[in-house]
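Please treat every number below as a calculation from the coordinates, not as lab data. No experiment lies behind these values; they were computed from the predicted model shown. Neighbour counts run over all protein chains shown; Cβ positions are idealised from the backbone, glycine included.
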Ligand SMILES: [Cu+2]
């Protein structure tokens, strides 16, 4: 789709954009249930700082307890836009297709995000809103928090789905360690 056609469609479809925002990622959420759900900061057992570089994370992996709620402080210390997204390999693969569209339409341009365009509807039942609770998308120098309640043991990674980044190794393993029993002491 050409840019001009996209803009026209986006303006015409603003109503469906609102509808889409609610249920856009039905499939993703279904699979996301395996990785957990949005958590409450008041229930977080600890804070983990994650630094994003071009193109890797520090730390490279994260160890959590099954069912643990963690507050992540995510900082983009690279020169490109990066994402911190918690999900299964399948959800990451699906999200990479969405983010490819964001690049194709100029929403993501290297180190910049076009927030205005992100709020538009693409006119084909897709939006480029990036507001899933399991994900943060950041420009260089920016920092944001994400609170996540992990599910029981599952195949979960944190990953950057900006095109090419996952493929160049920008993902890390979530390692499940220990029983949940010890949480009784901290809560
Ligand atoms: Cu990245």
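Quick notes on this one:
- Virtual spin-label span in nm between residue 155 and residue 60, 7 Å along Cα→Cβ: 2.1 nm
- At full extension, residue 90 and residue 139 could sit 15.1 nm farther apart than now, given 0.36 nm per residue minus the alpha carbon distance.
- Net length available on complete extension from residue 109 to residue 43 is 20.1 nm, with 0.36 nm assigned per residue and the Cα-Cα distance removed.
- Backbone N atoms of segment 81-114 closer than 16 Å to the 7 Å Cα→Cβ label point of residue 175 are not found in any residue.
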